[in-house]
Structures are given as C-alpha cells and as structure tokens.
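Visitor: Handing you a structure now.
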Amino acid sequence: MKFFDPGDIQSIRMTVMDSYWLERCQAGDEHAIEKLVYTHQKDVYRLALSILDDPDEAEDGTQETFLAALRALDSFRGDSSFKTWLFSIAINVCRSRLRRRSAREQLSRLLQGLFHPNEEEGHPERMSLQSAADAELWNAVRALNEKHRIPVVLRYYHDLPIADIAAILKVPPGTIHSRLNHARGQLRSLLKEEPR
Amino acid sequence: MSGIIHEQARRYMRAEMDGLLHKDQLALLDAHLRECATCRAEAEEWHIFETRLKNNLRAGLNVYDGPSDRVLKNIRSKTRRIIIMKKINTGVGILGGLVALLILGLLLNQLLTRSRVPAENMLSPTAQPQQIPEIGTGISNGEWIAFVGGTSTPVTGSDIPSITQDIYMVHPDGSGLVNLTQNQEPTGYRYGSLQWSPDGKHLLYVQNRGDGTIDIRRITLYGGGEVSGKPVTDPDNQGYAWSSNSTQVAFADAGSGNYDIYTVYADGRNDPRLTQVTDDPGEDVGFVWSPDGHRLAYQNRQGSSLSIRVMDADGSNQVEVARGTGKMRLRWSRDGKSIYALAQTGNDRLECETCTAKPSIYRIELDGSFVRQIAPQDDVQVIWRYLYEESPGRVYFMRNTTSADSLKIWGSWLYADDSQVREIGPMDSQQICKTTEGNALSEFISPNERFSLILNFCAGGFDLYLAERSQPMQKNLIHLLRLPLSTIGQGADGDWLPIVWAPDGRSVLYASEENSSIYTLNLEEVMQGRVTEPTLLLNTGEMNFISEITWQPKP
C-alpha cells in the first residue's frame, strides 16, 4: 500500500533544509545562496509566468524576486516558510511589473493602431504552450483577472493550502475561498459550451 | 434525507474543494451525497473540473523548465555584489562603533586616572575553585548535553535493586564528559527533572534524598546550591518551571495541606527571595509563565470546580480570567495577550456565553476576559495536546484519544483560526504499523514546534519518524530509523526512550538502554540521504541506565 508520495517527502525535506541553508545564506555563504536559488527557481519562475504570461518577462521577474529576497534575507524571521515568504516577494514584483506593463501596453496599442493596424501579436513560446496543453482551459485561466488568477494558480498548480495563500497575498482566508469560488464559477461558465 | 439541504450541500462542496470542511461537516456532506443523486452528479462534475484544471495548469506550466542560465548567471554575479555590499555596510557599522568605543575609552581613562585608588589598597579577587565546567560562559550555549545515568544492581532477596546515579554533562561531539554530582551527595540520592534555564546558564534538577524529601537544586557557574530554600514535598509531581527571562522558578508545594505556588530566584543571586505567591483553599497548580517572565497563569481547583487565574510573579494582582470544571493545560499566546486552555479529559469545560457543553481548546483573551471555544468535540475520550501557535490566533494542535492501556493513539492534527477549524490529517498508530496490534505512539516536538519526532512500537521494535505538524501525517512521515526492542529498558511501566532535539532542530539524541550509550542522528544528513545510521556519541562504560537527557538551550 502506498504510504506517502515522493513529492510530499520532498516538500518536508525542503522545509527542514531551508532553515539550515537560510542561516548559511544569511551569513553570506555563496554556495548556500546558489543552492537556495536552485531549489526554488522553478517554482518562482512558473509563478511569475502564470502571473505575467510572458516567458521573457517571467525570467526578469524571477531574477528581480531572488535579488530582492537576497537583499532582504536578514529580515526573514521564519514566521512563515521560506517558500511562502519568497512567493509574497514574487507576487509583489510581478504585480508591479504588471502595472508598468499596463501603462506600456496602452502606449504600444496606440502606436500599433497607428502604424501596423493589421498585425497580430504572437509569441512563439506562448503558441507552443497552447498546443501542448488544453488551450481552452488555459486561455480561460489567463482570461481571469489577476485577483482571481493568482489564487487559482497557487491552489491548483502549487497545491498550497488556503492559509498559505492567504499569508502570501496578505488577505483573510475567507477572501481567498471566495475568490476561488468566483474563479471556479467563471472558468466553468467559460467552458460550458465546450464539449468534454 | 440527511441533516443538510441542497444549498448547504453545495456550500460544503465548495468548502471541501478548498480543504476547509470540518470532519463533521464532511460526514454530513457524504451522507447527503449518498442520498441525493443531483448533488452527487454536481460533486462529480466539480471533481472532474478540478482534476482537469490541475492537469491543465501542470501541462501548461511544466513545459517551462525554469529560468534560463542567463538569469541564474545574473543572480550569481549580483549575489556577490550584494554580499560585498552587506559586508561593507557591516564593516562601516563596526568601524563606526569602534571609533565611538575608542572615544569613550579615552574619556573613561581620563576619568579613571583622576579617581584611581592606590594599588596597595586594592583587594585581590577571591579565587573560587572551579568544580564544574563553566556553563553558559566561555563557550557558546548549546555546547552541553546533561543526562542522568547510573548503575542498577540486583540485591539478593530483594525485588528492589540497588541504584546509584549521578548527573553528567558531555559536549555534543562526545568529548568532555564530566560527573556533576560525584562525591557531593551520599549514595542513594535520586536525580531527575533536569531543566536548563531558557538562557542556558543554569541547570536545575530535583534531588530526592531517598527518604521522600525532595529539593530543587541548581548547578551553575562555580558550583551548585539549593534553590528552593526549603524541602519541597512534591515538586516532581506538579513540576517546576523556569520563568522565560531565566531568573525565577515557580513550583507547587503541599506543605500547608493543599498545593500553593511559590517562586524563588534561581539565577544564583545572594537573596533568592523565596515567596509563597498563592494561599487559597483548593489546589493551586498547573502554572505557566508569561512570555515576558513577569506573570503567571495558574489553575485553582476545588473539587471539580476550576478557576483560571493570572497574577504578577510576586503574587500581586490576582485575577480570575475564566472558570469551569475539571483541569486544563494552559499555554500563553506568543504576544502574552491571551491564554490557551486545553481540556485534559472529556469532563473538562470552561464557561462562556457562546460555549457549548463540549470539551475543547479555549482561548482566553486577557483584555476583557473573553473566552472563545475552539474545536469543541462530542467524544469525551478525546484530549487536546501539543498546541503550536504559528501567529496570534492561528494554532496547530493535536486532538487525540488513547486506549485504556495507552497502547494505541488515534486522533488528528488540526489547524484553527478565528474563522475555521481544519483537520490536517489523521494520526493513528495503526496507520504507521500495519502489521501488529498495540502500538504505543509518542511525539517529541521540535524546538520551533513545527516538526515532530514520532516514536512507535511496531512488530517487535521501535520506529522513529519525522513529520511536519502542519501537513497530513499519512502523507509526510519520513522513517528515520528502526531500533530494537532492547533499546528501551526492559519493557517495564514508565520505561521510555530518552530523546531530545538539538536546540537548532538539526539533530536528535537518544539513549539506548541496551548498551548505555548515547547516539546522535543528524537530520540534515538523513534528509540528504548521506547518512542512514545514528552515530555513537558516548559509550558510558560502567553505567547501565540513562534515564534523562537534556540539551543546553541556545537562545
């Protein structure tokens, strides 16, 4: 009989190891910092990608997140897990990028309309993503606004409990539950016409 | 039809998807779904939707294998710069401090030169013999492990063996073994209840003189001494506790006919000021120090009546903050603004306006004495244990039921905050050992309270597991090692594995009765798969039992 999933063991190992490596990172051990970055880089990148929806910008967001975390490492007191703390930073970084992008895109749309009225936006990697996955549902998730998309990704991709998501987004657990309800309803209504 | 209506069932379905449904609610939902085909179909649809969403997100995001090497290279190079900048900042800070100290030193020197006493009038410091190693000074804290060990020799014609025992200390690498009590007390004395002060500077123990008279004694820098200032009739039963600021201990004594609480300074000062801080009818017991070490919460029990009170450390300002029946285990919140009371039997209750007549955990807000009930439970066999407060109002705890012979434990780890109680996962010794009946199961909580070592008797041996308390147990148990039955005593009542966490939570120690040795298990190395066997820290040679181990705290 299966007793536990290897993924779960990995998760607890990471939590225990974090505290050890963190102390070394705080002491300025480069090797430890590299290890910490290596351990969390995929999760941070995929979180950034799910928010920013642009692989290049997600790379910049990942870099910015880790550098911000390293600068603030001394202030990490272990009240939450390191991953929760890192995710909060990543979300702040990505939100601020979204705000900047929104202003930039307004200008870009204006210029696009002026000079290239018939050109469609297309990102090769995004296209490959669409072909690799169920494009409809993926697009429906992307169509959610940021307030609802982030809890969905944290819950259904990163498998985080409501309490952790609430801590990351700094809102009460009830709000997360309500946002998830809203998002699930919206996703199902968007997919209603689609045959299974 | 079961107890909930369709709309409620839908709400429960949504809560269940977010892991927010309580066990009782889950049972109600299950019952409803068994009877209502429409809701069952809806639940099935949600399940399919969730699975699809998860798979889809994984398929969508796992295409990307993380950031490119360019990003990692950038982080690496900028990391160096950050470290250098931090070091420069620290250096500038230190340099500034040194300059300030230099100026201060020059000023002081001038002052002292003016007021210097002639050398012939100065007293030379009294040379005190250093009988035991310097604890808490000279080397950093966390550097000593104290234990009680000795020999038990059978006596012809008697069931009672002859026991000699002493308190020892050793470094975590096995060096520096020292006997702290040898030649100081006559043979026949028993030692126990070793407790380091939270700052790691003093080690207290309880000494039974062999005639039933018990003292609390101190081992500290440059020798020991009696702490309690009076023989204590029964501190071992009611325990004693260091204040969080490492100055005083509180203990209960029934010398006056019923238990009263006393405090005494145990930090080695000349005037220990033994003070009787309660003098009530009934038993004043179950005391706990506030996080700042200035107040005590305690229980006054008269028959089945229970009064929970708070007072200053000198006994002044005694206030009743809650009342009820039975007995509780008290625990202060980290911020010192509230007290958690954990029911210890199915008959334990606190009274409040909104409380149901079910045992539970209660939170007593000291500002206004408001009592809140957390996780009430119908089953009177249940008790609440090992509360861990993550942040104010957010707690993890274990609710368990023990069989009459204490051989089986069932229960759950739970999470609660002001808005919800969530079951994290069941804890059942049968889950761990699936081959035999009768599994005694015990938890040892890590210093940061987030992890547990779980010791379980299974199929003729003992297994030691590591688990994170905020995760479902059935999913996150890591098997650390298996110990033969002979590791732990001879199976007599009260025999248990002396086990202790390192102050930094990175390793654990245990003593094997089998060969009177202390072993250490480095959890980091186990996690990394580098080590699977414990390391022998100390073979005590002529000793044939070790009954207690405690590791000097590292504040």
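Visitor: I'm trying to understand the selection: among the residues of the range A:44-63, which are more than 9 Å from chain B (Cβ to nearest Cβ) and either surrounded by fewer than 20 Cβ atoms within 10 Å (Cβ to Cβ) or touching a Pro at 6+ places or on another chain (Cβ under 8 Å) (or both)?
Guide: Matches in the range A:44-63: A:Asp53, A:Asp54, A:Asp56, A:Glu57.
Visitor: Restricting to the range B:1-57, give me the number of residues that are under 25 Å from B:Ile374 (Cβ atoms), more than 14 Å from chain A (Cβ to nearest Cβ) and of a type in the set (D, E, K, R).
Guide: 3
Visitor: Note down all Cβ pairs under 7 Å where the first residue falls in the range B:66-86 and is under 15 Å from A:Cys25 (Cβ atoms), the second is of a type in the set (Gly, Ala, Ser), and they're at least six residues apart or on different chains.
Guide: B:Ile83/A:Gly28; B:Lys86/A:Gly28
Yes or no, residue by residue, for (1) within 30 Å of B:Ala357 (Cβ to Cβ); (2) open to solvent by 20 Å² or more (accessible area, probe 1.4 Å); (3) at pLDDT below 75:
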site: B:Pro376; (1), (2), (3): yes, yes, no
site: B:Asp405; (1), (2), (3): yes, yes, yes
site: B:Gly425; (1), (2), (3): yes, no, no
site: B:Gly460; (1), (2), (3): no, yes, yes
site: B:Ala467; (1), (2), (3): no, no, no
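Visitor: Could you tell me how many of the residues in the range B:347-357 are open to solvent by less than 70 Å² (accessible area, probe 1.4 Å) and outside any strand (DSSP E or B)? Steps first, answer last, please.
Guide: Initially, the range B:347-357 is screened for residues open to solvent by less than 70 Å² (accessible area, probe 1.4 Å), giving B:348-350, B:352, B:355-356.
Next, from what is left, pick out any that are outside any strand (DSSP E or B): B:348, B:352, B:355-356.
The total comes to 4.
Visitor: Against the condition more than 10 Å from every other protein chain (Cβ to nearest Cβ), open to solvent by 80 Å² or more (accessible area, probe 1.4 Å), modelled with pLDDT under 80 and farther than 25 Å from B:Gly60 by Cα, how does A:Glu119 come out, does it pass?
Guide: For A:Glu119, the condition - more than 10 Å from every other protein chain (Cβ to nearest Cβ), open to solvent by 80 Å² or more (accessible area, probe 1.4 Å), modelled with pLDDT under 80 and farther than 25 Å from B:Gly60 by Cα - is met.
Visitor: Moving on. What are the pairs, 6+ residues apart or on separate chains, where a residue within the range A:173-185 that is within 9 Å of chain B (Cβ to nearest Cβ) and in a helix (DSSP H, G or I) has its Cβ under 9 Å from a residue that is of a type in the set (Lys, Arg) and crowded, with 16+ Cβ neighbours inside 10 Å?
Guide: Every condition considered, the pairs that remain are A:Ile176/A:Arg155; A:His177/B:Arg14; A:Leu180/A:Arg155; A:Leu180/B:Arg14; A:Asn181/B:Arg14; A:Arg184/B:Arg14.
Visitor: At pLDDT 70 or above, part of a helix (DSSP H, G or I), open to solvent by less than 90 Å² (accessible area, probe 1.4 Å) and under 24 Å from A:Ala69 (Cα atoms) - does that describe any residue in the range B:86-105?
Guide: yes
Visitor: Hey, another quick one. I need a count of the residues in the range B:269-299 that are modelled with pLDDT under 90, under 20 Å from B:Ser244 (Cβ atoms) and open to solvent by 80 Å² or more (accessible area, probe 1.4 Å).
Guide: Adding up the residues that qualify gives 2.
The values are calculated or read from the model by the stated rules, or taken from the named source; none is laboratory data. Computed from a prediction, not measured in an experiment: that's the story for all the values here. Here the Cβ is made from the backbone with ideal geometry for all residues, glycine too, and neighbour counts use every protein chain on show. What goes into the accessible areas is simple: the full protein's heavy atoms, side chains included, and nothing from ligands, DNA or RNA. Shrake-Rupley method; radii C 1.70, N 1.55, O 1.52, S 1.80 Å.
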